[in-house]
1. Which of Lys116/Lys139; Lys71/Lys120; Lys47/Lys78 have a Cα-Cα distance over 18 Å?
2. With an 8 Å cut-off on Cα pairs and a minimum separation of 6 or more residues, tell me the relative contact order of region 220-266 in percent.
3. When the accessible area of region 48-168 is computed with all protein chains present and a 1.4 Å probe, what percentage of it is carbon and sulfur?
4. How much length, in nm to one decimal, is gained on full extension between Arg163 and Thr105, taken as 0.36 nm per residue of separation minus their Cα-Cα distance?
5. For Glu51 paired with Asp9, estimate the spin-label separation in nm (one decimal), with each label point 7 Å from Cα along the Cα-to-Cβ line.
6. Do you know the relative contact order of the chain, to the nearest whole percent, from alpha carbon pairs under 8 angstrom that are 6+ apart?
7. Residue-wise, which Karplus ³J(HN,Hα) couplings in Hz belong to region 285-291, taking 6.51 cos²θ - 1.76 cosθ + 1.60, θ = phi - 60°, and x for glycine or proline?
8. First measure r as the distance between the Cβ atoms of Lys240 and Leu149, then evaluate 1/(1 + (r/R0)^6) with R0 = 22 Å and state the FRET efficiency to the nearest 0.05.
Amino acid sequence: MRVLYIIRDRSSRKIGKRLHRWAVGFIDGQDGFFEAALHEAAQVTRKSYAEAMALSDAGIGAFDAVVINGKSGWPWEKDIEAASSALARFRQPIALFIGHAQPQTMPSDRLIDPVKAVFKREPFADIDRYSLSPSNAAKIVPTHLANPLVTHSYRLTSRNRTRPLRQYAWQVPDEHDVFFIGTVDHNRYVARIAAWQAIHDSRLRAIGGLLPTREFAEKVPADLVTRTLPRAHYLNAMMKSSINLALEGIGPFTFRHLEQFWAGAFTLSTPSIRPLRLRAPIVEGKDYIAFDSTDDMMDKIRWYLDHPEERDAIARNGRAAYEKLYDVAAHATEIRVALTT
């Protein structure tokens, strides 16, 4: 199957980073997991939105299917008429990839009517929240963001092999009670500041802190601020912490969730992931724990610090759930089925 993939617009990235990503075919971030599966599912030609729109009818006809990244420049959020006209150029099956972090972000019925599938990052489980027709709601296929600690490449495919870790977090002696490090800006600050302030004010052995953007620096108390950790130090802190926080950011499901499940680290999460439908289930109370308030967070931290066997069981379950969730080959099959049936 030959697929035209209209890629995300990354023109704002520095030229050196763009050239490096192109040279090695490195896939990461919000699009990485889906793109790795797409490249495994089909023979993919990657083009910008402008390049795709400039193709002749014969050029478009060379493909069996088209997948449009919602951040490619396709104007669905600003100009529905232009977006609809763009879809009309394609006669083959079309799919949309909506890689936005916010679960509520979804095109309208008018734009979903002509497509076969909508690959949505961490959508709501309750599809009625999208106010779509039943037939269009049925087109939603869940996907998710990439784990930054796992490498994917569509050029150097030998790098894509996944192997068990030599040691999981539940097997590493703990040196810290709680770990979290994360950015704070206008999109992600309320839960993060409140949570880390409570940790800071406690007598817990905490490691990490907040990384405010330059524009947001004055709104974060100085004693909550930390520095960026190198990758090896970051992983070491995660592995050696009894409790790892996964606090909502731009969206409810974050890189931290995937990193911690991957590492076999006990995960305590903000509750906003509860309404989500992931492509494989992550079960609250079994694979992770969620808290409903800052006080509830502190109560659960103290309880699980006092119950290491229960904590380790949840960490093990989280890793087992991750292995089903983060399955590129299985997602490739889901993509093929969505495009061809």
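The values are calculated or read from the model by the stated rules, or taken from the named source; none is laboratory data. Quantities reported herein were computed from a predicted structural model and do not represent experimental measurements. We place every Cβ from the backbone using ideal geometry, glycine too, and count neighbours over all the protein chains shown. The accessibility values were calculated without ligands, DNA or RNA, using every heavy atom of the protein model including side chains. Shrake-Rupley method; radii C 1.70, N 1.55, O 1.52, S 1.80 Å.
1. Lys47/Lys78
2. The normalised contact order for region 220-266 reaches 35 percent.
3. The nonpolar share, carbon plus sulfur, comes to 49 percent.
4. Taking 0.36 nm per residue and subtracting the Cα distance, the gain is 17.5 nm.
5. Roughly 1.6 nm, to one decimal.
6. 18 percent
7. So the Karplus estimates, Gly and Pro as x, are x, 10, 9, 7, 10, 10, 10 Hz.
8. Here the calculated transfer efficiency is 0.90.
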